[in-house]
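The values are calculated or read from the model by the stated rules, or taken from the named source; none is laboratory data. These numbers were taken from a predicted model, which means no experiment stands behind them. Neighbour counts are summed over all protein chains in view; Cβ atoms, including those assigned to glycine, are modelled from backbone coordinates with ideal geometry.
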Amino acid sequence: MTTPQALFGEMIEKVMGKTLAAAGYELQDFPMHQMRGLFLYHKTMPDGLSVFVEFQLLYYQGSVSRFRVNLLRNVGADARAEAAVKVETTLSRLLWDDFGVEQLGERDHWWQFNNPTELSYALLEAGKLTFGFGIPWLEGTLHPDDNTSGG
């Protein structure tokens with residue numbers, strides 16, 4: 001029997017897996033994390049820093065489930081190890097606080113879904129924002145002061 005967490009991981013791979021891989025991100029093999037609904041993609045940058053895109057699922061049987069996207073930067077392969085360069089935020093907080101993009105409606109936005117179709121659309125929306133803002137910000141190619149849209 002496939003768990004909701006495993007189905008979530010499969011859907012991430014179907015919707016964004018090839019694009020993440022093309023950008024140099026690799027799904028880390030952490031079965032215990034994945035069993036809890038955490039799917040972490042890692043990339044080592046040329047300067048030795050590591051950047052991470054993490055999908056975090058909160059599954060609710062018989063109710064609306066949700067996920068969010070976490071963005072992390074650190075040294076080494078441990079995204080959450082204590083280090084002077086450690087950075088951790090959510091995609092929605094980055095958009096809201098740093099870029100002034102308030103299209104999600106709130107700082108602590110979670111994409112909600114009731115079924116696989118809604119999940120795929122939510123992942124598409126999150127993916128566009130991840131590749132438009134999150135990954136370029138993580139990799140240092142996009143900075144909040146680059147935003148010339150007027151807020």
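Points worth noting:
- When LEU49, LEU94 are screened for being farther than 20 Å from LEU129 by Cα, among the aliphatic types (A, V, I, L, M) and surrounded by 15 or more Cβ atoms within 10 Å (Cβ to Cβ), only LEU49 passes.
- Listed by position, the strands (runs of 3 or more DSSP E) contained in the stretch 1-98 that have at least 1 residues being over 17 Å from the mean Cα position of the chain (by Cα) and among the aliphatic types (A, V, I, L, M) are 49-58, 65-75.
- Considering the conditions (1) surrounded by 14 or more Cβ atoms within 10 Å (Cβ to Cβ); (2) out of contact with any strand residue (DSSP E or B) (no Cβ under 7 Å at 6 or more places or on another chain); (3) within 23 Å of GLY37 (Cα to Cα), TYR121 is excluded by exactly one of them, (1).
- Among residues of the stretch 27-46 that are touching a residue at least 12 places away in the same chain (Cβ under 8 Å) and under 18 Å from VAL15 (Cβ atoms), those with a beta-carbon under 7 Å from a residue that is part of a helix (DSSP H, G or I) and of a type outside the set (Val, Ile, Thr) at least six positions away or on a different chain give the pairs GLN34/GLN5; GLN34/GLY9; GLY37/GLN5; GLY37/PHE8; PHE39/GLY9; LEU40/HIS33; TYR41/LEU20.
- Where a residue in the stretch 105-122 is at pLDDT below 95 and its partner, wherever it lies, is among the hydrophobic types (A, V, I, L, M, F, W, C), with Cβ under 6 Å and at least six apart: ARG107/TRP96
- Pair list, Cβ under 9 Å, 6 or more apart: the stretch 124-137 residue free of Cβ contacts under 8 Å to residues at least 12 places away in the same chain, other residue of a type in the set (A, V, I, L, M, F, W, C): GLY132/LEU142; PRO136/LEU142
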